[in-house]
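Asker: Before I ask anything, let me first share the structure, which is written out below as structure tokens.
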């Protein structure tokens, strides 16, 4: 009895089919991983952009409240007190405090969704014109 040790064409075709199948599976898995990564990066970028947009809106709203406080001071020189505004998707509030004489401090805070921005304005004179010494965003 002699054994034929030569590979048959059937065995070679079966091995070639398995190699092709494994290659397709590996390439498919890499493609799915790349696609998933791109989708997740896009979602993260979208969330960041949305937060930056809300932050800009909150800053503009805080400045609008400070401007409203300046208008109140212009309309009534001895004005001290507080007020609020609602514009667009946010709200803001301001407080004007007297530091003696014509010195005033305006503290304005706004909220758009969960983003909070605060502005502090220091005034050193009211008449004959309002003199703003400092206008800055504050952390607290």
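Asker: Name the single residue that is farthest from residue 59 (Cα to Cα) among those in the range 123-140 being assigned to a loop (DSSP other than H, G, I, E, B) and touching a strand residue (DSSP E or B) at 6+ places or on another chain (Cβ under 9 Å). Outline the logic, then answer.
Answerer: So the first thing to find is which residues in the range 123-140 are assigned to a loop (DSSP other than H, G, I, E, B), and the list is 126-130, 139-140.
From what is left, the residues that are touching a strand residue (DSSP E or B) at 6+ places or on another chain (Cβ under 9 Å) are 126, 130, 139-140.
Numbers: 126: 25, 130: 22, 139: 12, 140: 14 Å.
Only one residue tops the list, namely 126.
Asker: To continue, here is another question. Can you report the number of residues in the range 103-116 which are surrounded by 20 or more Cβ atoms within 10 Å (Cβ to Cβ) and either over 22 Å from residue 73 (Cα atoms) or without any contact (Cβ under 8 Å) to a residue 12 or more places away in the chain (or both)?
Answerer: Of the range 103-116, the ones surrounded by 20 or more Cβ atoms within 10 Å (Cβ to Cβ) are 104, 106-110, 112.
Applying the additional criterion that residues be either over 22 Å from residue 73 (Cα atoms) or without any contact (Cβ under 8 Å) to a residue 12 or more places away in the chain (or both) yields 112.
Residues in the range 103-116 being surrounded by 20 or more Cβ atoms within 10 Å (Cβ to Cβ) and either over 22 Å from residue 73 (Cα atoms) or without any contact (Cβ under 8 Å) to a residue 12 or more places away in the chain (or both): 1 in total.
Residue-by-condition table, conditions (1) loosely packed, with under 13 Cβ neighbours inside 10 Å; (2) at pLDDT below 90; (3) at negative phi:
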{"residue": "25", "(1), (2), (3)": "yes, no, yes"}
{"residue": "33", "(1), (2), (3)": "yes, no, yes"}
{"residue": "41", "(1), (2), (3)": "yes, yes, yes"}
{"residue": "66", "(1), (2), (3)": "no, no, yes"}
{"residue": "83", "(1), (2), (3)": "no, no, yes"}
{"residue": "92", "(1), (2), (3)": "no, no, yes"}
{"residue": "96", "(1), (2), (3)": "no, no, yes"}
{"residue": "99", "(1), (2), (3)": "yes, no, yes"}
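The values are calculated or read from the model by the stated rules, or taken from the named source; none is laboratory data. These figures come from a predicted structure and were not determined experimentally. Note that we place each Cβ from the backbone using ideal geometry, even for glycine, and neighbour counts take in every protein chain shown.
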